[in-house]
Amino acid sequence: KEDVFYYICNGISRNNVAIHNFTPPGWWLAGDISAVNCIAAYQPKGAADYAASLSNLANPGTYDATEGGTPDWDAVNGWKFNGTDDYLITTITLADGWTIIFRFSNKVGTAGTLGGSYNYTGSAGGMLIFPHNSSSKVSYYSPANFQVAPYLDSGVLALAGNKAYRNGSYDGTGSGALPAQNNNFWMGANFKSGEEDVNNIEAYMQAVAVYNITITASQISALTTAMNAL
């Protein structure tokens, strides 16, 4: 009975013949994250082409990324932001207790954010990650700035509510609640009222996901492993 259960769950017979269509969950649901909680998942690494890289894999046709300034792209490195005028826009509005996570590499210099959102008018505060700031630290905004040494030029960084994670491990906690955001979620830069874009990053980006809950430490760990396996 145990053997039968194994083969059924894995969609194969004893002779390795498919017995039903079985599609494993996408990497964005690693750690048993519920599909209803994944607002968006982008995977420029391995995408069929640049246009496909903009698709929200978790909910195709909803919250697809659009161009602010067109980054270079290839299937090995993903989006290649130039640090000057490349960035991508979504219509996602982050809220208190949400989670954002980025896999990136080849960060250059001490300027630039991986992405998020920030209020420059009204109630100040946001959800942003700067992987390498001028103090040689990772700078997290959730909703105010807190910094953790050392910097990271390649890897996976996340904010789950107020908690920060570096390569799947806990990296510190911010304080306060994220105010209602008047700017949307961007990647490769962030919006500033009165300006087109600020904090442009020079880096490659392989995968990004957004969740409407604070996912757990074990889920962050599993998600980091899944993103690194892409």
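The values are calculated or read from the model by the stated rules, or taken from the named source; none is laboratory data. Just so it is clear, the structure is predicted and the values come from calculations on it, not from any experiment. As a convention, Cβ positions derive from the backbone with ideal geometry for all residues, glycine included, and neighbour counts pool all protein chains shown. In case anyone asks, the SASA skips ligands and DNA or RNA and just uses the protein heavy atoms, side chains included. Shrake-Rupley method; radii C 1.70, N 1.55, O 1.52, S 1.80 Å.
Accessible area per residue for the chain is 45 Å², calculated with a 1.4 Å probe on protein heavy atoms, without ligands, DNA or RNA.
Expressed in Å, the radius of gyration and Dmax of the Cα atoms of the stretch 132-197 are 12.7, 37.
Placing unit charges on each Cβ (+1 for Lys and Arg, -1 for Asp and Glu) gives the stretch 48-106 a dipole about its Cα centre, and among PHE102, TYR87, TRP73 the Cα reaching farthest toward its positive end belongs to PHE102. Each stretch of four or more DSSP H residues adds -39500 (n - 2.57); spread over every residue of the chain, this sum gives -3000 deg cm²/dmol at 222 nm. In the stretch 26-163, inverting the average of 1/r over every pair of distinct C-alpha atoms gives 15.9 Å as the Kirkwood radius. Taking the longest Cα principal axis of the chain as reference, the axis of helix 217-228 is set at about 80 degrees. Between ALA52, ALA209, ALA158, the residue with the greatest mean-square fluctuation in the GNM of the chain (Cα pairs under 10 Å linked by springs) is ALA52. Projected over every direction and averaged, the convex hull enclosing the alpha-carbon atoms of the chain yields 13.5 nm².
Overall, the anisotropy analysis places the stretch 90-134 in the oblate class: the square-rooted eigenvalues a ≥ b ≥ c of its C-alpha gyration tensor yield a/c not less than 1.5, with a/b not exceeding b/c.
Kirkwood radius, the stretch 103-230, all distinct C-alpha pairs, inverse of mean reciprocal distance: 14.6 Å. Here the stretch 79-230 is treated with +1 on each Lys and Arg Cβ and -1 on each Asp and Glu Cβ, and its dipole about the Cα centre works out to around 400 debye.
For the stretch 111-214, which whole-number percentage of the solvent-accessible area (1.4 Å probe, protein heavy atoms only) is attributable to carbon and sulfur atoms? Ligands and nucleic acids excluded, carbon and sulfur give 47 percent.
Bridgeable lysines around LYS80 (alpha carbons under 23 Å apart, same-chain partners fewer than 8 residues away excluded): LYS45, LYS107, LYS137, LYS192.
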